[in-house]
Amino acid sequence: MAEISIDGTAISEIYKQMSTRNVAETQDKLAQAHVTIAGAGGLGSNIAIALARSGIGHLTLIDFDVVDYSNLNRQQFKLSQIGVSKVTALKQNILEFNPFVDITAVQTRVTFENFEELFKTSDVICEAFDDPTSKAVILQSAREIFSEKPIVLGNGLAGIHSANDIVTRKMRENVYICGDQTTAGVEGLMAPRVIICAGHQANMILQLLVNKIEI
């Protein structure tokens with residue numbers, strides 16, 4: 001049976017070429033990995049895209065919201081996706097450049113009641129909310145239910161301040177936080193600092209998955 005192709009190029013060749021510039025000897029581990037991202041907005045959409053481009057094999061995207069015009073200044077959505085659920089739109093966008101990612105899109109709020117079911121199969125938990133209450137739900141639930149799973153959080157990325165203030169810190173065993181831990185969203189959220197913080201989170205997740213942690 002002939003191999004499936006896209007525009008005449010074999011699927012296996014496309015996959016090979018896509019991973020050519022990635023870090024050597026990481027692809028097998030990343031292809032087997034499953035990351036669950038809670039939040040598909042400014043942080044979450046950028047984290048998901050960075051991980052998908054890096055070769056993550058399995059992503060679960062969780063968010064209750066839909067795309068609106070105010071999201072377009074920093075989130076990875078398009079005008080044509082206004083009114084579409086964020087997780088559905090983000091899945092569509094990712095699959096346009098990496099059709100090899102297995103993506104589960106879940107449109108819901110994360111609660112104490114559904115946390116275990118949502119995160120039980122993930123290797124790394126990623127928190128990408130902008131609501132303090134939702135952040136608390138994630139952190140507390142992870143500590144109580146999945147203390148052995150690493151969790152990567154974002155906190156402090158607003159405004160136009162030095163990019164060098166955004167760093168990655170280890171809070172305690174299996175808990176990592178990225179951001180300046182100071183600036184609040186009420187100051188305004190701009191694409192550069194949001195993307196920088198998302199990059200920190202995505203990079204920390206990759207380090208955890210390939211067992212090469214440098215902070």
Original post:
Which value, in Å² and to the nearest 10, is the accessible area of K120 when all protein chains are kept and the probe is 1.4 Å?
Top reply: 100 Å²
**OP:** Can you tell me the 0 to 90 degree angle between the C-alpha axis of helix 42-54 and the longest principal axis of the chain, rounded to 10?
**Re:** 30 degrees
**OP:** Order R169, R21, most accessible first, counting only protein heavy atoms with a 1.4 angstrom probe.
**Re:** R21, R169
Original post:
Gap in Å between the Cα centre of segment 32-82 and the Cα centre of segment 133-148?
Top reply: 21 Å
Subject >> 0 to 90° range, to nearest 10: angle between helix 191-209 axis and the chain longest Cα axis >> reply: 70 degrees
**OP:** Could you pull out the longest piece of the chain with no exposed loop GluC sites (Glu not before Pro) in it, calling a site exposed if DSSP puts it outside H, G, I, E, B and it has at most 14 other Cβ atoms within 10 Å?
**Re:** 26-112
Subject >> With all protein chains modelled, accessible area of H161 [1.4 Å, Å²] >> reply: 80 Å²
Original post:
By how many nm would the segment from E116 to D65 grow when fully extended, if each residue of separation counts as 0.36 nm and the alpha-carbon distance is taken off?
Top reply: 16.3 nm
Subject >> DSSP-defined beta bridges in the chain - what % are antiparallel, rounded to 5 >> reply: 30 percent
Original post:
How would I213, I47, I160 rank on accessible area, largest to smallest, probe 1.4 Å?
Top reply: I160, I213, I47
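Between S80 and Q107, what FRET efficiency follows from the Cβ-Cβ distance if R0 is 25 Å, with the result rounded to 0.05? Working shown, then result.
Values: r = 19 Å, r/R0 = 0.74.
The computed FRET efficiency comes out at 0.85.
Taking Cα pairs under 8 Å and at least six residues apart, what relative contact order does the chain come out at, in percent?
Numbers: 387 pairs, mean separation 45.0, N = 215.
Averaging sequence separation for qualifying contacts and normalising by length gives 21 percent for the chain.
Can you sort F112, F100, F146, F119 by solvent-accessible area, 1.4 Å probe, largest first? Could the numbers behind the result be given before it?
Numbers: F112 100, F100 65, F146 20, F119 0 Å².
Solvent-accessible surface, decreasing: F112, F100, F146, F119.
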Subject >> Value of [θ]222 nm, deg cm²/dmol, for the chain, DSSP H segments ≥ 4, -39500 (n - 2.57) each, nearest 500 >> reply: -11000 deg cm²/dmol
Original post:
Which label belongs to the value computed from this structure, given these candidates for semi-axes √(5λ) of the Cα gyration tensor in Å: (i) 37, 19, 15; (ii) 27, 20, 18; (iii) 31, 23, 18?
Top reply: (ii)
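Tell me the net charge near V210. Cut-off is 9 Å between Cβ atoms, V210 excluded, with +1 for each Lys or Arg and -1 for each Asp or Glu.
On the way: positive: K29, K212; negative: E25.
Value of the local net charge: +1.
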**OP:** Please list, or write none, the lysines whose alpha carbon is within less than 30 Å of the alpha carbon of K135, excluding same-chain residues fewer than 8 places away.
**Re:** K29, K78, K86, K91, K120, K149, K170, K212
**OP:** For the chain, find the longest principal axis of its Cα atoms and tell me its angle to the long axis of helix 86-97, 0 to 90°, nearest 10.
**Re:** 40 degrees
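The values are calculated or read from the model by the stated rules, or taken from the named source; none is laboratory data. Computed from a prediction, not measured in an experiment: that's the story for all the values here. Here Cβ is always computed from backbone atoms with ideal geometry, including for glycine, and neighbour counts include all displayed protein chains. For accessibility, only protein heavy atoms count, side chains too; no ligands or nucleic acids. Shrake-Rupley method; radii C 1.70, N 1.55, O 1.52, S 1.80 Å.
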